[in-house]
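Q: Shown below is the structure under consideration.
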Number of protein chains: 2
Amino acid sequence: MLSRKTKYALRALLMLAEQGEGRMIQVSDIAEKQKAPKKFLELILLELKKHGLLHSQRGKRGGYTLAKPADEIYFGQIVRIMDGPLAPIPCASLTGYRKCADCADEATCPIRRVMRRVRDAMSEILDKTTLADALAHHGRKARRLVRSAAKRGRKIRNAPAGA
Amino acid sequence: MLSRKTKYALRALLMLAEQGEGRMIQVSDIAEKQKAPKKFLELILLELKKHGLLHSQRGKRGGYTLAKPADEIYFGQIVRIMDGPLAPIPCASLTGYRKCADCADEATCPIRRVMRRVRDAMSEILDKTTLADALAHHGRKARRLVRSAAKRGRKIRNAPAGA
DNA sequence: ATAATCTCTATTAACTTAGTAGGGAAATAG
DNA sequence: CTATTTCCCTACTAAGTTAATAGAGATTAT
């Protein structure tokens, strides 16, 4: 289950992505629009910044903006920053591997094997879907975003079948 | 993340599946072998029984056994009984749908759309993998289990590529 | 009868998540 | 240069969930 923190993070990032790469938005504005507690959101954005997803400016006309184009920010990275590894169990994780304390033989553990497949399936989606992809379904602004990404020579992944 | 409870449940069920459909095993034995707290495991097995996955017998030579063949018990059902819906967020769940309190337009919510795909991918694995499937990779007993399932005319899903 | 085993309800302990509080540091406007 | 606005940082608290424990009740085999 996604934590509320992750959901706030995704919403904020999507809002910034819609806004466009250069434009600053202030925490208060995001908090208000997303109905998130402002102080809590501050912590979240700060963390995203520390991981290189956001750029910020302090002072009077300050705020946050994406640190890179929306088609280079993947859901997988966001979720991992906020909630940790995707895998249902640590022993099936690539990014956060940890041995099970009580597992006799990891190589043949049936649970691990199944959960590894689950992890891979999740990764297949989350590590290949960007903010831009997610927005590409609706609104002119979003489609423009993706088109300009295409111009820059980036692959658009998981584009909607009918679009 | 899978709860410890679910992990205990899976281990217990797999152990019972290996044992064969008729054979009783006692809670104490499972607890000992899986290094799970006995009293805690009791609660878990009871819950699985209430959901029709286990059959039990009380009294002196009592214990637990699978209530149906190992190739009819799906990981998805087990996980849902223990941990609830598969979907990362309730609004993307089929079995446990709940509207987001703060979502303006669900139909176009980009987060929901992505998480729905994640849910589907998880379901594609967990709702198609049985205890028998999971065991089919190692050991004679396990393979025998699957073979006899095949004889009964059941599809073996997700059989290992090389087996 | 007795002992073993599952069944049930209630309670507690440990941990995680969500949120609050209160300043500190940098940028800008005037 | 000063005041104000905004992000930055650390610490704490509240609420909720998960994990486990406790103790008695019901059923069965011997």
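Q: At 0.36 nm per residue, and after removing the present C-alpha to C-alpha distance, how many nm does the segment from residue A:104 to residue A:29 gain when stretched out fully?
A: 21.8 nm
Q: Are there any trypsin sites (Lys or Arg not before Pro) in the range B:64-144 that are in a DSSP loop and have at most 15 other Cβ atoms within 10 Å? List them by number.
A: When the trypsin sites (Lys or Arg not before Pro) of the range B:64-144 are filtered for loop state and at most 15 Cβ neighbours within 10 Å, B:98, B:99, B:128 remain.
Q: Same structure, new question: State to the nearest 20 debye the size of the charge dipole of the range A:36-75 about its Cα centre, where the only charges are +1 on K and R beta carbons and -1 on D and E beta carbons.
A: Dipole size: approximately 340 debye.
Q: Taking residue A:55 in one copy and the same position in all the others, each labelled 7 Å out along Cα→Cβ, what are the pairwise distances from the first, in nm, shortest first?
A: 6.8
Q: If packing is taken as the average count of other Cβ atoms within 10 Å, what order do A:102-109, A:120-127 fall into, highest mean first? Provide the component values of the computation, followed by the final result.
A: Values: A:102-109: 12.0, A:120-127: 19.0.
Going by the mean number of other Cβ atoms within 10 Å, highest first, we get A:120-127, A:102-109.
Q: For the rotation bringing B onto A, which B residue has its Cβ nearest the axis, and at how many Å?
A: Residue of B nearest the axis onto A, distance in Å: B:121, 2.
Q: Same structure again: Can you list the distances in nanometres, one decimal and ascending, from the residue A:100 label point to the identical position in each other copy, with the point 7 Å along Cα to Cβ?
A: 3.4
Q: Separate question: Which distances, shortest first and in nm, link residue B:37 to the matching position in the other copies, using label points set 7 Å out along Cα to C-beta?
A: 2.9
Q: Another question about this same structure. Quick check on the range A:65-115: take the gyration tensor over C-alpha atoms, sort the square-rooted eigenvalues as a ≥ b ≥ c, and tell me if it's rounded (a/c under 1.5), prolate or oblate.
A: Details: a/c = 4.50, a/b = 3.17, b/c = 1.42.
Judged from the Cα gyration tensor, the range A:65-115 comes out prolate (a/c at least 1.5, a/b above b/c).
The numbers here are math on the coordinates, done by the rules we state, and not lab data. The model shown is predicted, which means the values in this text are computed figures rather than measured ones. Note: ideal-geometry Cβ built from the backbone for every residue, glycine included; neighbour counts use all protein chains shown.
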